[in-house]
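Following: one structure in structure tokens, then a few remarks.
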Amino acid sequence: MEIKRVVEAILFAANRPMTCKQVQQVFPEIEQPEIQEIQAACEAIKEDYRFRPVELKQVASGYRFQVRKELSRWVSRLFEEKPPKYSRALLETLAIIAYRQPATRGDIEDIRGVGVSSSIIHTLLEREWIRVVAHKEVPGRPALYGTTKQFLDYFNITSLNELPTLQEIQELDLSLDTTQQPMQVKSEEQETTKQITQTAVEQITETIGQATKTIARLSTTTE
């Protein structure tokens, strides 16, 4: 039995990302390869597909086959379903949670300067992009929100470390508009967070557009 071929077939047929442990459990108990062998097989498969229109991609929830980003706009024409559109308020909320987590609804409202509707929080929870990670020990014990593995999977990254750093965002802000007047804010911390939010929203918006066009994978899973 060639482990690599079996692993490739399992991942090809799967309708979700799979970890090496999950792949291992598909094998009969007496034939289960070591985790390291499965990991090596995945790396070899990635190399095999390096110049093909599909790739084996590692995301937060494991490995999955997907159409390469540069070809997704062609494959997406196979699907009648239009990518969902999200409001700027929702994207700002998501960006703040991604960079400031864990964050309460009050934290988000302080940064944005306006209220956050319940429907926005509900949509993000329903999409499983955020979850309640704890409750803040203050009167009322408000929920603290953080991002999820589904958020990472959707945006095609393995960890939050792959999001742009504060320095990268500040450099991008300068390159976009060196003459822009500084924003009036209440504190240095708020200023930093608002700088993050402004540019992160644009990057997340662009990524959402790309991600929704890559729903065409080798499996029949929809995002």
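The values are calculated or read from the model by the stated rules, or taken from the named source; none is laboratory data. Source: prediction; values computed, not measured. For neighbour counting, all protein chains shown are included, and Cβ atoms are generated from backbone atoms with ideal geometry for every residue, glycine included.
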What do you reckon, is residue 115 modelled with pLDDT of 90 or more and either surrounded by fewer than 18 Cβ atoms within 10 Å (Cβ to Cβ) or not small (Gly, Ala, Ser) (or both)? no
Which of (1) closer than 28 Å to residue 56 by Cα; (2) over 22 Å from the mean Cα position of the chain (by Cα) does residue 140 not meet, given it meets every other one? (1)
Test: residue 54 is more than 24 Å from residue 161 (Cα to Cα) and in the same structural domain as residue 162 (by TED's automatic domain parsing): no
For segment 1-101, which fully contained helices (runs of 4 or more DSSP H) count at least 1 residues that are at pLDDT 90 or above and under 22 Å from the mean Cα position of the chain (by Cα)? 3-13, 20-26, 35-48, 88-100
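Hey, among 35, 97, which residue is of a type in the set (A, V, I, L, M) and within 23 Å of residue 151 (Cβ to Cβ)?
97
Just checking, how many residues over segment 102-125 are assigned to a helix (DSSP H, G or I), in contact (Cβ under 8 Å) with a residue 12 or more places away in the chain and either in contact with a Gly (Cβ under 7 Å, 6 or more places away or on another chain) or outside the structural domain of residue 150 (by TED's automatic domain parsing) (or both)?
First, the residues of segment 102-125 that are assigned to a helix (DSSP H, G or I): 105-112, 118-125.
If we keep only those that are in contact (Cβ under 8 Å) with a residue 12 or more places away in the chain too, we end up with 105-106, 108, 110-112, 120-121, 123-124.
Keeping just the survivors that are either in contact with a Gly (Cβ under 7 Å, 6 or more places away or on another chain) or outside the structural domain of residue 150 (by TED's automatic domain parsing) (or both) gives none.
Residues meeting the conditions: 0.
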Would a scan of segment 162-180 turn up a residue that is modelled with pLDDT of 85 or more, of a type in the set (S, T, N, Q) and in a helix (DSSP H, G or I)? no
